[in-house]
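Following: one structure in structure tokens, then a few remarks.
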Amino acid sequence: MTTLLVTGGAGFIGANFVLQAVAQGHRVVNLDKLTYAGNLDTLSSLDGNERHLFVQGDIGDRELVSSLLKSHNVTAVVNFAAESHVDRSIDGPAEFVETNVVGTLGLLESSRDYWRSLDEDAQQKFRFLHVSTDEVYGSLGAEGQFKETTPYAPNSPYSASKAASDHLVRAFHHTYGLPTLTTNCSNNYGPYQFPEKLIPLIIQKALAGESLPIYGDGLNIRDWLYVGDHCTAIQRVLEAGRIGETYNVGGNAERENITVVKAICALLDKRQPLADGRKRESLITYVKDRPGHDRRYAIDSSKLQNELGWRPSQTFETGIEHTVDWYLGNTPWVSRVLDGSYRMERLGA
């Protein structure tokens, strides 16, 4: 049994990973600052589980992180903690630099010092896995895919802050020998995603019969990765990835944004038709594009597949169906996120 320090483990991807890791028998020390997107409701099934310890705190708090590493004999750090919404980074980039760059630096320093204190055998087993994004690579044209060797060219404050954190992780391996691993993933979707992101946002607006906003012409392309598949990929990299290496994680599911929205509309029309008989596609509204909106992302995950034998288990069609059904079956979770009651506050007007 390993003991993982998971940072950002109350967020969307982090919480899915924690649920999976605990189910597999790992002990998890879960450190999360509980900003707007951190939600303990997601982890309610772990209440009373001795293999899960939740700690509210900041990854940049070196004293706290150091004490958690030492007191729990942590064998691996998995860093999900990040501000992650592009639109919010455009409005307020400083917070993204503080969390994603300065916070990651603090976590790295604490982890390095802890790792140095271990005996040789424990040092050999220790890992620091940093979870990042394909957005650090910039934007693609009509062809090609991002590879691990693709030069970084971030186009938003969010992706620039994640690129900086990636470089720090690389530097801590090459400078100090810290046994690091980095994963760069494509767009995640699935259960427990905060409703500001495209897929859960569209699901909720479509259920309410509201206008469905699409940036620009709707033809921006993303490679969609089901969150459960992403979590199994991280587990596999943690188990067998080569120290110091980066692994791209993709879902082999490139789709235009408008195609994603139309797929959600069709699934909801079939499961829960609108009372007035309208098709939900009629609710689609095109809005002004956001600044610096990357045109296309596509991930080449052949390194991960060939070296470590990972494959995504979900196609986009099966994954989006599971996702829609999860949101339909978990309206209390969604309602508590939307009205702010899970944190005893309102979010927005």
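At-a-glance table
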read-out	value
Any pair with Cβ under 6 angstrom, 6 or more apart, that starts in region 320-349 at a residue that is within 16 Å of Tyr226 (Cβ to Cβ) and ends at one that is surrounded by 12 or more Cβ atoms within 10 Å (Cβ to Cβ) and at pLDDT 90 or above	Ile320/Ala263; Thr323/Tyr189; Thr323/Gly190; Val324/Leu267; Trp326/Pro191; Tyr327/Ile203
Subset of region 318-337 [within 21 Å of Lys262 (Cα to Cα), surrounded by fewer than 18 Cβ atoms within 10 Å (Cβ to Cβ) and either modelled with pLDDT under 95 or in contact with a strand residue (DSSP E or B) (Cβ under 9 Å, 6 or more places away or on another chain) (or both)]	Thr318, His322
Where Phe54 falls short, out of the listed (1) aromatic (Phe, Trp, Tyr); (2) under 30 Å from Gly292 (Cα atoms); (3) part of a strand (DSSP E or B)	(2)
Within region 223-248, tally of residues that are assigned to a loop (DSSP other than H, G, I, E, B) and either on the phi < 0 side of the Ramachandran plot or buried (at least 17 other Cβ atoms within 10 Å of the Cβ) (or both)	4
Meets criteria (part of a loop (DSSP other than H, G, I, E, B), modelled with pLDDT of 95 or more, farther than 17 Å from Cys185 by Cβ and among the β-branched types (Val, Ile, Thr)) for Ile264	no
Residue check, Arg27 among the basic types (Lys, Arg) and within 19 Å of Glu109 (Cα to Cα)	no
Yes/no for Glu120 being of a type in the set (D, E, K, R) and within 19 Å of His173 (Cα to Cα)	yes
One residue from Asn220, Asn184 being crowded, with 24+ Cβ neighbours inside 10 Å and of a type in the set (S, T, N, Q)	Asn184
Any hit, region 155-170, residues being within 22 Å of the chain's Cα centre (by Cα), part of a loop (DSSP other than H, G, I, E, B) and closer than 27 Å to Asp91 by Cα	yes
Complete set of residues in region 281-303 that are small (Gly, Ala, Ser) and in contact (Cβ under 8 Å) with a residue 12 or more places away in the chain	Gly292, Ala298, Ser301
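The values are calculated or read from the model by the stated rules, or taken from the named source; none is laboratory data. Computed from a prediction, not measured in an experiment: that's the story for all the values here. Every residue, glycine among them, receives a Cβ derived from its backbone with ideal geometry; neighbour counts consider all protein chains shown.
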